């Protein structure tokens, strides 16, 4: 009598050397990387950003981020990017270095 071996669908996938599972992991990895790359290039809205988002800008550390938030709280939203020059510790060089990374 001939014995037949029956695999369930999941066992077949695993039995195929994990090729399908590996493909799914690769696809997930690619989508995750695209998400993070997109997030890395997103401009920081200086009127809505929290401290962590502001600190991600070049030349903006903890104290400058706090100063931006404090200024924004006291004076309202920035009308222009150049309005950042009114914040203590933000000068023309810093504004120039973050100009492309910020939005209103």
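What follows draws every value from the coordinates through simple rules; no lab data is involved. Remember, it's a predicted structure, so these values are computed and weren't measured experimentally. Here Cβ is always computed from backbone atoms with ideal geometry, including for glycine, and neighbour counts include all displayed protein chains.
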Taking into account only those residues within the stretch 57-78 that are in a loop (DSSP other than H, G, I, E, B), exposed (fewer than 14 other Cβ atoms within 10 Å of the Cβ) and touching a residue at least 12 places away in the same chain (Cβ under 8 Å), which is nearest to the chain's Cα centre (by Cα)? 58
Subset of the stretch 79-99 (residues that are buried (at least 17 other Cβ atoms within 10 Å of the Cβ) and either in contact with a strand residue (DSSP E or B) (Cβ under 9 Å, 6 or more places away or on another chain) or assigned to a helix (DSSP H, G or I) (or both)): 83, 84, 94, 95, 98
Of all the residues that make up the stretch 79-93, how many are in contact (Cβ under 8 Å) with a residue 12 or more places away in the chain and touching a helix residue (DSSP H, G or I) at 6+ places or on another chain (Cβ under 8 Å)? 8
